[in-house]
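**Q** Structure incoming, see below.
The values are calculated or read from the model by the stated rules, or taken from the named source; none is laboratory data. The shown structure was predicted, so the numbers you read here are calculated from the model rather than taken from an experiment. So basically every Cβ, Gly included, is an ideal-geometry build from the backbone, and we count neighbours across all protein chains shown.
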Amino acid sequence: MSTVANGSTRTYQGNDKLLFGIIMGVIAFWLFAQTTLNIAPDMSRDLGMTANTMNIAVAITALFSGIFIVVMGGVGDRVGHMKVVRWGFYLNILGSLLVGLTPTGDFGVPVLLIGRALQGLSAACIMPASLAVVKAYWDGAGRQRAISMWSIGSWGGSGLCSLFGGLMSENFGWRSIFFISIAVCLLGLWMMRGTPETERKVQEDYKFDLPGVLSFMVAMIAIQVVVTQGNRLGWTSPLVLGLVAITLIFGALFLRIESRSANAFFDFSLFKNATYTGATISNFLLNGVAGTLIVSLQLVQFGGDMTAQAAGMLTLGYAIAIIAFIRVGEKLLRLYGARKPMIWGCLITGLSILLLSPANMLLSNYMISAVIGYTLFGVGLAFYATPSTDAALANLPAEQAGAGSGIYKMASSLGAAFGVAISAAIFTAFSADNSSITWLEGVITFAGRSDNLAVREAAIMALGFNVLMIVVAIVSIMLAIPKHKKA
């Protein structure tokens with residue numbers, strides 16, 4: 001049912017035109033906004049910006065997405081999820097236009113940063129609201145198929161973004177990426193025309209939870225700086241210790257505000273549902289193993305002297321597998337329920353990380369292991385994606401669909417952000433001083449060159465952290481996701 005302005009209701013069934021219109025917005029984020037992970041050096045040289053400034057521009061999109069994704073999910077519950085999805089398209093069009101037209105010189109810095117921030121806000125609107133629309137307008141097997149197609153856009157886009165960005169930047173210039181993004185958004189808006197608004201949550205005394213949002217922002221920004229810059233600034237430096245204190249203070253303040261506010265943007269009551277909790281925690285951890293990619297790719301570049309393009313080609317199997325096997329995860333969900341395919345997905349992903357971990361090999365042998373590992377990485381995430389998302393959505397009450405979807409997707413964004421940051425910090429810390437890990441050499445025999453031992457050993461340690469996250473994810477699924485077979 002969909003509540004319209006005059007208070008009447010009407011039945012609306014989702015269709016493929018609406019579904020693919022929504023997916024255009026998801027693709028616009030992953031396939032276009034996130035290509036900056038790969039094309040940042042080209043942008044930096046063209047715009048005359050420092051690497052530090054460009055790093056901020058790359059990170060600000062994920063930061064704004066992670067912070068505001070729950071907020072916009074809650075807003076969608078009150079004003080309508082289709083309206084928020086359209087806001088996301090408009091924000092991405094504006095943000096992509098600013099990025100694509102960024103001038104050189106000092107004036108270019110604020111233009112680029114504002115454009116990237118708007119792209120982050122766009123994702124914060126589209127991700128939770130589009131999932132809430134799927135929950136509202138599809139049921140049963142139809143909803144599972146819709147989630148699978150949505151996941152292909154999201155997870156598949158994430159797998160293809162680096163390859164796509166490099167290809168477009170080399171052949172058509174990096175600015176072309178963002179102009180294509182605008183065209184995709186316009187196509188998506190056209191495909192969503194005529195879709196009625198979803199049911200809205202009515203709360204007469206509602207007030208925007210500004211104190212909760214601000215305290216959450218401060219805590220998240222502080223901890224992100226600690227994780228990403230702690231090694232460079234010094235873990236015991238006054239600045240880092242001060243940021244840790246700020247994180248703890250504002251984190252405690254956030255918990256206090258949200259537990260007492262009648263209009264809290266972060267609804268902790270959702271976690272009373274064990275299935276939703278297990279799906280969200282494991283989602284955070286599975287996205288956290290994105291750190292595997294940055295570590296393994298840096299390993300072959302720093303330790304094996306491969307070019308970035310050659311290293312990126314090793315991941316081709318990841319992009320292909322995740323797109324090809326998403327629908328398999330959907331079929332497994334129908335046959336066995338969510339629990340088994342989620343666990344199988346974690347196990348396959350864990351095996352893939354183990355295949356990427358033996359940095360003691362010769363480069364020629366490691367490349368073969370890496371191709372297989374990246375492919376299994378995509379298979380594992382594909383098995384996990386649809387069952388986990390369906391388990392979370394199916395256990396949300398209709399009036400909390402937006403907020404619940406927002407928290408679930410926030411787990412994705414923050415999991416990836418912190419997973420990459422922590423893995424990179426471990427890798428950097430162990431490889432920075434070029435000193436080897438004596439006890440590790442006593443356990444593992446390293447073939448080939450000895451001048452890169454520090455890099456190879458650091459990779460093993462960092463990838464070991466990712467294996468640990470997989471283990472914790474499996475435990476959370478086993479404890480929280482019910483065993484019963486899907487009806």
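**Q** Only one of GLY105, GLY80, GLY159, GLY142 is small (Gly, Ala, Ser) and either within 20 Å of the chain's Cα centre (by Cα) or modelled with pLDDT of 90 or more (or both). Can you tell me which?
**A** Details: GLY105 fails: either within 20 Å of the chain's Cα centre (by Cα) or modelled with pLDDT of 90 or more (or both); GLY80 fails: either within 20 Å of the chain's Cα centre (by Cα) or modelled with pLDDT of 90 or more (or both); GLY142 fails: either within 20 Å of the chain's Cα centre (by Cα) or modelled with pLDDT of 90 or more (or both).
Just a single option satisfies the conditions, and that option is GLY159.
**Q** Please tell me if THR375 is in a helix (DSSP H, G or I), touching a helix residue (DSSP H, G or I) at 6+ places or on another chain (Cβ under 9 Å) and in contact (Cβ under 8 Å) with a residue 60 or more places away in the chain.
**A** Spelling it out, it is not the case that THR375 is in a helix (DSSP H, G or I), touching a helix residue (DSSP H, G or I) at 6+ places or on another chain (Cβ under 9 Å) and in contact (Cβ under 8 Å) with a residue 60 or more places away in the chain.
**Q** Are any residues in region 273-293 in a loop (DSSP other than H, G, I, E, B) and buried (at least 20 other Cβ atoms within 10 Å of the Cβ), and if so, which ones? Step through it out loud before you land on a result.
**A** Pass one, region 273-293, residues in a loop (DSSP other than H, G, I, E, B): 273, 289-290.
Those that are in a loop (DSSP other than H, G, I, E, B) and buried (at least 20 other Cβ atoms within 10 Å of the Cβ): VAL289, ALA290.
**Q** I need the full set of residues from region 106-145 which are of a type in the set (Gly, Ala, Ser) and closer than 25 Å to ILE180 by Cβ, in order please.
**A** The answer is GLY108, GLY115, ALA117, GLY120, SER122, ALA123, ALA124, ALA129, SER130.
**Q** Which one of the conditions (1) touching a Leu at 6+ places or on another chain (Cβ under 6 Å); (2) surrounded by 24 or more Cβ atoms within 10 Å (Cβ to Cβ); (3) within 27 Å of ARG145 (Cα to Cα) does ALA319 fail to meet, given that it meets all the rest?
**A** All conditions pass for ALA319, except number (2).
**Q** Select, from LEU270, LEU255, LEU241, LEU248, the only residue that is part of a helix (DSSP H, G or I), among the hydrophobic types (A, V, I, L, M, F, W, C) and more than 21 Å from GLY66 (Cα to Cα). Spell out the reasoning first.
**A** Values: LEU270 fails: more than 21 Å from GLY66 (Cα to Cα); LEU255 fails: more than 21 Å from GLY66 (Cα to Cα); LEU248 fails: more than 21 Å from GLY66 (Cα to Cα).
Going through LEU270, LEU255, LEU241, LEU248 in turn, just one is part of a helix (DSSP H, G or I), among the hydrophobic types (A, V, I, L, M, F, W, C) and more than 21 Å from GLY66 (Cα to Cα): LEU241.
**Q** Contact list please: Cβ distance under 9 Å, first residue in region 203-232 and surrounded by fewer than 19 Cβ atoms within 10 Å (Cβ to Cβ) and assigned to a loop (DSSP other than H, G, I, E, B), second residue of a type in the set (Phe, Trp, Tyr) and modelled with pLDDT under 80, pairs at least six apart or on different chains.
**A** From region 203-232, the pairs are PHE208/PHE265.
**Q** Kindly list, by first and then second residue, each pair from a residue in region 315-331 that is free of Cβ contacts under 8 Å to residues at least 40 places away in the same chain and assigned by TED's automatic domain parsing to the domain that holds ILE294 to a residue that is surrounded by 23 or more Cβ atoms within 10 Å (Cβ to Cβ) and assigned to a helix (DSSP H, G or I), limited to pairs with Cβ atoms under 8 Å and residues at least 6 apart or on different chains.
**A** none
**Q** A further question on this structure: Residues of region 86-123 being farther than 17 Å from VAL58 by Cβ, assigned to a helix (DSSP H, G or I) and not basic (Lys, Arg), which ones? Before the answer, list the steps.
**A** The initial filter retains those residues of region 86-123 that are farther than 17 Å from VAL58 by Cβ, namely 86-91, 93-94, 97, 101, 103-107.
Among the residues that remain, those that are also assigned to a helix (DSSP H, G or I) are: 86-91, 93-94, 97.
Across region 86-123, the qualifying residues are TRP87, GLY88, PHE89, TYR90, LEU91, ILE93, LEU94, LEU97.
**Q** For region 191-202, name all the residues that are at pLDDT 80 or above, part of a loop (DSSP other than H, G, I, E, B) and under 26 Å from the mean Cα position of the chain (by Cα).
**A** Matches in region 191-202: MET192 only.
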